[in-house]
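The values are calculated or read from the model by the stated rules, or taken from the named source; none is laboratory data. None of these values were measured; they are calculated from a predicted model. Cβ placement follows ideal geometry from the backbone for every residue including glycine, while neighbour counts extend to all protein chains displayed.
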2 protein chains.
Amino acid sequence: MILNSFKKGVRLLSAGILLSSLSLYTSCKDAEAEENSVSTSKIKGAKDFAQYIDPMIGTAKMGHTYPGATVPFGSVQLSPDTDTIPYAVDGHYNPDVYKYCAGYQYDDKTIVGFSHTHFSGTGHSDLGDFLIMPTTGNLKLNPGTATNPESGYRSRFSHNKENAEAGYYSVMLDDYNIKAEMTATTRVGMHQYSFPENVEAHLIFDLMHGIYNYDDKNVWTFVRVENDTLVTGYRQTNGWARTRRVYFSMSFSEPIKEYGRNRYDKQPYNGFWGKFDQSKNFPEIAGEKIRMYFDFDLEPQEKLKVKMAISPVSSEGALNNMKEEVPHWNFAKIKNEAKAKWNRELNKVQLASEHKDELTNFYTAMYHAFLGPTEYMDTDGKYKGLDMNVHQTDGFTNYTSFSLWDTYRTLHPLFNILQPERNADMAESMMAHYDQSVHSMLPVWSHYANENWCMIGYHSASVLADAIIKGNADFDQEHALEAMVNTARTRYYDGLGYYMDMGYVPEDKNGASVSKTLEYAYDDWAIAQAAKKLGKGDIYQEFIKRSENYKNVYDAKTGFMRPKLSDGTFKKDFDELNTHGQGFIEGNSWNYSLYVPHAPAEMIEMMGGKDQFSQHLDSLFTMELPDKYFENTEDISREGIIGNYVHGNEPSHHVPYLYNWTNTPWKSQDKIRMILKTKYQTGSDGLSGNDDFGQMSAWYIFSSLGFYPVAPGSLDYALGSPAVKDATINLENGNSFRVLAKNQSDKNVYVEKVELNGKELSKPFISHDTLIKGGELIFHMTNKPNKELFIK
Amino acid sequence: MILNSFKKGVRLLSAGILLSSLSLYTSCKDAEAEENSVSTSKIKGAKDFAQYIDPMIGTAKMGHTYPGATVPFGSVQLSPDTDTIPYAVDGHYNPDVYKYCAGYQYDDKTIVGFSHTHFSGTGHSDLGDFLIMPTTGNLKLNPGTATNPESGYRSRFSHNKENAEAGYYSVMLDDYNIKAEMTATTRVGMHQYSFPENVEAHLIFDLMHGIYNYDDKNVWTFVRVENDTLVTGYRQTNGWARTRRVYFSMSFSEPIKEYGRNRYDKQPYNGFWGKFDQSKNFPEIAGEKIRMYFDFDLEPQEKLKVKMAISPVSSEGALNNMKEEVPHWNFAKIKNEAKAKWNRELNKVQLASEHKDELTNFYTAMYHAFLGPTEYMDTDGKYKGLDMNVHQTDGFTNYTSFSLWDTYRTLHPLFNILQPERNADMAESMMAHYDQSVHSMLPVWSHYANENWCMIGYHSASVLADAIIKGNADFDQEHALEAMVNTARTRYYDGLGYYMDMGYVPEDKNGASVSKTLEYAYDDWAIAQAAKKLGKGDIYQEFIKRSENYKNVYDAKTGFMRPKLSDGTFKKDFDELNTHGQGFIEGNSWNYSLYVPHAPAEMIEMMGGKDQFSQHLDSLFTMELPDKYFENTEDISREGIIGNYVHGNEPSHHVPYLYNWTNTPWKSQDKIRMILKTKYQTGSDGLSGNDDFGQMSAWYIFSSLGFYPVAPGSLDYALGSPAVKDATINLENGNSFRVLAKNQSDKNVYVEKVELNGKELSKPFISHDTLIKGGELIFHMTNKPNKELFIK
């Protein structure tokens, strides 16, 4: 097909003119094989659990999940964005931006377009790269507003013409009568648009669009229209990640008829006497603020397909990724493969259940848990490092987007059971980060070759230590220990020098001092465990000593952890319910005072002993917490709270299990079941808080299965009360571990007794080593607490 | 040495902690060998001609040269900048910026600092990367103003404490009593600062500084303080080059005591509660507008040295370049090697002369001619391409900064004699540009992996054709021809579609239409010559026909080239003296009408025949041109004008030689000698116009030697009147060609007769093929014209 525009003087590279290093990508169109075989897994009795995934769960309110198409741990998350909210209005932070961390809000009535990168459930955000929107009729290059969609290219839509599945998303764009469908491989998003007949078909390509658009975060955009079906380029942003570049190669199933751009920043130098009209059919485009359009001539019934490959390295890398992963135009094939990939992951836990809501909640939790961290390298193993140089992986898959303050608690321990190979690769990715870090530090919260320094602690240490302790450490463990130790000795990091010198972070020197002291102490304990296993006595001694620093911020008079000043006195005017200015972050003292996961027994003793502590916990779950104490706290909302216990955020996630260290283990059981039932529900508003890149979901999975990793770095799991009746965990080592809950029901939330491989347990703990060998854990359930259980 | 700041909590990577891919660069300090051996060349009788180079020539007025340190065709041009002039003031173009194309103006009284990249002589500009300035006392991070230097870090200086040599520059910074010295290798600039004793020694590192600072051209800056002597990073600018990145690695001979930065754009996300003080001793710095400082503790007499390596690819590449080129701290060694490199190049033409001004002018012209294009790749052959991907050279050295509208005329033909290997590599670099170009076009004016589209024509075709015709084409010549042809068929380029359809560019469709028509016609002729040599008859026919298009803009009624409109009529209200709005660029019709270098005989016939044309040329050189006709024309000034002949700019450079095609060849001779004498002088104001990256200097070299390439792509050189008495050209093939001017003097400017290898010439032409075989050309000079010579 010869382009009209070619005749009109447009120079698109066409067949016969080869691109140099980007050897021309042939747009071969396979016959579209409508394969429906769901190749699931090699696991015996593999089932189509992917049918139960509901990506809509968490898309309303503050779940911060997205409904779009992605594969497990995929680099591409191709998803609709329903609004473009500025980070700041009139120079002031715009709290509405927080609703749009994943780009989509279920209650919105319009879709702006489909962008290719999204975080799942995070409590801060970024990304939203390369927004595509199909339109018809008059060309509009601005997104318009939700209240007046006609003012821009966005479209109205309704949920009854919307469908979100594992690896597939579709919606009818009502204003244009266009059906939009999308699916993905790891590095390629594939779009399929069914336009009405006889319309002017436009594709808007908005390179200014972004999520958490911090002060117009675009730094630079570079686009080349390589030929009549291929567009390449990159954009660089300065958002949450300070120096983030994503490269792309985008291919169309039909040739471009004509195209153009608006540039909203300064105009480029253009030779003398305006050598060209650079706004139209000019194949080389660069600037800070760019929006483009591509027009197509479509035959009746012809669908316009788009493949968007991304790369951390180069547009050449993106093009290679496209060639490797999607060397055809068969949309259905990609869609089916995406679903099969999900089924392979989901069958790692097989639930025997007929209860649809249970299956939906469980497998959607699995889905959310396996969305990230995401792969971050080209198919050839090249990736951009923290030093902005290009690196080559050496025997591991590189991952990015480590929301570690959240995920070290439960998600990475879950990976140590269900994804040990990926978890080891994630550990190696963190070590590569350390190697490239000019601070010689492991990641705190890292994404896209950037450290964003969000939240506190050095919880990479927990992840590495947990992997080492659990024997899932197919990497250089001494190097890992060096990385942990150097990270934990970075004196200029967030009060750490004071902590090292004084045994606590003084609140007058560094805010959120108690949270930091407590989390450093736990991380130090994790480092000590790894050192011990690796036979490094000096390091063990140094860090086991540091792990006791939690004692230094305990105020015996009030019975709470309390901010201490550099003169050694406790802060006056202390309010243990307030989350602001009291030495804590995203939590109050009531919740945070319980954060000694590595030494619960010692903590309980310190706080008055088992009985007093048990009552203290009761108070936490039953007291009345006035709204004023959390209404202005990011990431905490009424939905996530039970009494004063905050499940919608992380610091207390281990708390319901602490009764196990008192004489009332049974009190854990009803709390856990209550949380499972009330804080995780089906429907778009089913999540009680940010899913936090799978952390909340991982809590659900563990707790549903009846056990929980209170202190990652320990081999022990504390028992709770399973919500499943019968679940089989299929381990990567070929073993399987079955959890049976006999006499299980909504009312039978208490555990009568527990048998592990036929032997009754006397303590409410099982070991990872036991689990990994395979076996059977049988809970006998009842509707009355067995108050004698586990306390002999 | 242990850093104080290390103790204070600063974390600089120190010995024992290895950088990942940037393996730690050991700051080994060689004993400073004060070698003074000037290893010059393998050429017999090689002399120290470098002593005659005066880099100050052209630094006053509009020469646009810089006085700093560089090696032949070096990537680094380390030179003082004397002011920071904004591109625009209150939104309007600031004409003062034009004075600072090379960063330095001789009449200025202060130096802002020393930056590492500069164009030589160009008529537009960019660069000025990575400015370093040593200071003492109170820290100032802004440059201050020329009228109030104390307001910033700049310093007063005077020319009597300044020294510019080949590959070496030094100056006393009077405000600080610091002696600054600099030298360079191809990719590394080396600084040496002698501070007074007992002062606070600062080094300012200004990453906002730039030349032609078009609307704050900084796009992004990224810096890492890797350890106490190594800093790496890059900056990206959007100036004349739209998307230009330069990477660096900078090493200090002494450890940093402490350091910091100001960021003048928005502040970065900093975790919660301002996790760090990122302004001081924080090793990871990024932003749009950054200035840094480094403080040092120096022993008495200790000199602070700095090595700054640059790379088009990565900071890792820059570090490798440093390791390869300067694996020591011996400043004198680098300085001596730089001078030796210049001597190797200068000895390619050996002048037997005792006349210092002649030697100064000639060898400074050689120096300016060999400053660019500059090498643009790492030592491993990697470079950034026009597609922003990283490419690997395959058997050639990649060059950048092709000021082709200027340099195709004389500089590249000079390279075909003195630098054939480099010229072939430059041709390959242009072909690589073509391969990477989304337009499938050869460069127009390209620098740093960008096309800036400055000026007109597609003169890469001339450069490639000239290399092919002259047998200096050790590259894929068919591919070169394809590149020329595709470039010349790019319909949307600058009126070219009209030109192809109508035989001329219509002024009502595209300005400067006559200049474009004439230059396209010449380029087409060059393409035809290459096609003919390669046996491509069809292409020859197509382009030889196009080469006659100059006839379509000739107005027989006025006797001038004249803009024609799309309706076929000539533009009314035509003023053949005006340079504005008359269909020409940087020239009026009087000058541009003579631009048919490929067919002078036909042009002369068209314009009324030999005698009339000779008188017409006389008028050009003698008429009175009122100021109003050029005073607002960029790149044309009174200094460069003789009558109405404009030597200070390029379009007429061949004109003095055109008498050779009339019956009055002798009239060329006195004109050329007058131009050589009056338009090229010693002293900072010695150049009559922009040197244009060596084009003006190349004219001087050719004309001094007595011959000139009127039409590159032809083997013929037209004879003029040599200014030298005895010059030997040492060719790369081992042959030498000697030019003797017998009875030469300032008054004896006319040629009595010429002998080539003992045989008297009957026509005023010699062939490249003859020259390249070696031999002897003897001019017999006299003070009266020999009016019979060459006209039989």
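Observations on the model:
- So A:LYS753, is it over 29 Å from A:ASN472 (Cβ atoms) and under 34 Å from the mean Cα position of the chain (by Cα): no
- Candidates in the stretch A:368-383 are the residues that are touching a helix residue (DSSP H, G or I) at 6+ places or on another chain (Cβ under 7 Å) and of a type outside the set (Gly, Ala, Ser); of these, the one that is nearest to A:PRO72 (Cα to Cα) is A:PHE370.
- From the options B:THR65, B:THR40, residue that is of a type outside the set (A, V, I, L, M) and modelled with pLDDT of 85 or more: B:THR65
- Residue within the stretch B:414-434 that is touching a residue at least 60 places away in the same chain (Cβ under 8 Å), hydrophobic (A, V, I, L, M, F, W, C), over 26 Å from B:HIS654 (Cα atoms) and in the same structural domain as B:HIS479 (by TED's automatic domain parsing) present: no
- Given (1) surrounded by 18 or more Cβ atoms within 10 Å (Cβ to Cβ); (2) touching a Ser or Thr at 6+ places or on another chain (Cβ under 8 Å); (3) not β-branched (Val, Ile, Thr), number of the condition B:ASP174 does not satisfy: (1)
- Those residues of the stretch B:708-723 which are surrounded by fewer than 23 Cβ atoms within 10 Å (Cβ to Cβ) and touching a strand residue (DSSP E or B) at 6+ places or on another chain (Cβ under 8 Å), in sequence order: B:LEU715, B:ASP716
- Flag for B:ALA332 being of a type in the set (Gly, Ala, Ser), closer than 30 Å to B:ARG738 by Cα and touching a residue at least 40 places away in the same chain (Cβ under 8 Å): no
- Checked against the criteria, A:ALA473 does not count as more than 14 Å from chain B (Cβ to nearest Cβ), under 28 Å from B:VAL223 (Cα atoms) and over 18 Å from the mean Cα position of the chain (by Cα).
Residues checked against (1) in a loop (DSSP other than H, G, I, E, B); (2) closer than 14 Å to B:PRO506 by Cα:
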residue	(1), (2)
B:ASP567	yes, yes
B:VAL596	yes, no
B:ALA601	no, no
B:ILE604	no, no
B:GLY608	yes, no
B:HIS616	no, no
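- Enumeration of residues in the stretch A:271-282 that are at the interface with another protein chain (Cβ under 9 Å from one of its Cβ atoms), surrounded by 15 or more Cβ atoms within 10 Å (Cβ to Cβ) and either without any contact (Cβ under 8 Å) to a residue 60 or more places away in the chain or of a type in the set (A, V, I, L, M, F, W, C) (or both): A:GLY271, A:PHE272, A:LYS275, A:PHE276, A:PHE282
- Taking the criterion of being surrounded by 21 or more Cβ atoms within 10 Å (Cβ to Cβ) and farther than 20 Å from B:LYS536 by Cβ, the residues of the stretch B:460-495 that qualify are B:TYR493, B:ASP494, B:GLY495.
- Residue in the stretch A:629-650 that is more than 22 Å from A:ASN783 (Cα to Cα) and at pLDDT 95 or above present: no
- The stretch B:238-256: number of residues that are farther than 24 Å from B:VAL188 by Cα and more than 13 Å from chain A (Cβ to nearest Cβ): 0
- A:PRO420 being farther than 24 Å from A:LEU771 by Cβ and not β-branched (Val, Ile, Thr): no
- Selected residue [touching a Pro at 6+ places or on another chain (Cβ under 8 Å) and either modelled with pLDDT under 95 or on the phi < 0 side of the Ramachandran plot (or both)] from B:PHE765, B:PHE779, B:PHE737: B:PHE779
- Of all the residues in the stretch A:583-594, those that are of a type in the set (Asp, Glu) and in a helix (DSSP H, G or I) number 0.
- Those residues of the stretch A:725-757 which are outside any strand (DSSP E or B) and surrounded by 15 or more Cβ atoms within 10 Å (Cβ to Cβ), in sequence order: A:LYS725, A:LEU731, A:GLN744, A:ASN748, A:VAL749
- Condition broken by A:GLY233, with the remaining ones in (1) crowded, with 24+ Cβ neighbours inside 10 Å; (2) more than 9 Å from every other protein chain (Cβ to nearest Cβ) satisfied: (2)
- Some residue of the stretch B:576-591 being surrounded by fewer than 24 Cβ atoms within 10 Å (Cβ to Cβ), closer than 25 Å to B:SER714 by Cα and free of Cβ contacts under 8 Å to residues at least 60 places away in the same chain: no
- Residue within the stretch A:498-506 that is within 13 Å of chain B (Cβ to nearest Cβ) and either outside any helix (DSSP H, G or I) or under 30 Å from A:SER311 (Cβ atoms) (or both) present: yes
- Count of the stretch A:183-219 residues which are surrounded by fewer than 24 Cβ atoms within 10 Å (Cβ to Cβ) and over 23 Å from A:THR135 (Cα atoms): 8
- Which numbered condition A:ALA483 misses (of (1) within 14 Å of another protein chain (Cβ to nearest Cβ); (2) of a type in the set (A, V, I, L, M, F, W, C); (3) part of a loop (DSSP other than H, G, I, E, B)): (3)
- In the stretch A:642-651 there is at least one residue that is within 14 Å of another protein chain (Cβ to nearest Cβ), within 29 Å of A:ILE766 (Cβ to Cβ) and among the polar types (S, T, N, Q).
- The criterion of at least 1 residues that are surrounded by fewer than 24 Cβ atoms within 10 Å (Cβ to Cβ), more than 14 Å from chain B (Cβ to nearest Cβ) and modelled with pLDDT of 95 or more is met, among strands (runs of 3 or more DSSP E) falling completely within the stretch A:283-389, by A:290-296, A:303-311, A:349-351.
- Pairs where the first residue, in the stretch A:436-452, is more than 8 Å from chain B (Cβ to nearest Cβ) and the second is in a strand (DSSP E or B) and among the β-branched types (Val, Ile, Thr), C-beta under 8 Å, 6+ apart: A:SER446/A:THR400; A:HIS447/A:THR400; A:TYR448/A:VAL246; A:TYR448/A:THR400; A:ALA449/A:THR400
- Candidate set from the stretch B:210-230 (those that are closer than 23 Å to B:GLU375 by Cβ and not aliphatic (A, V, I, L, M)); member that is nearest to the other protein chains (Cβ to nearest Cβ): B:TYR212
- Residue that is nearest to B:ALA480 (Cα to Cα) [pool: residues in the stretch B:520-565 that are in the same structural domain as B:MET500 (by TED's automatic domain parsing) and assigned to a loop (DSSP other than H, G, I, E, B)]: B:LEU534
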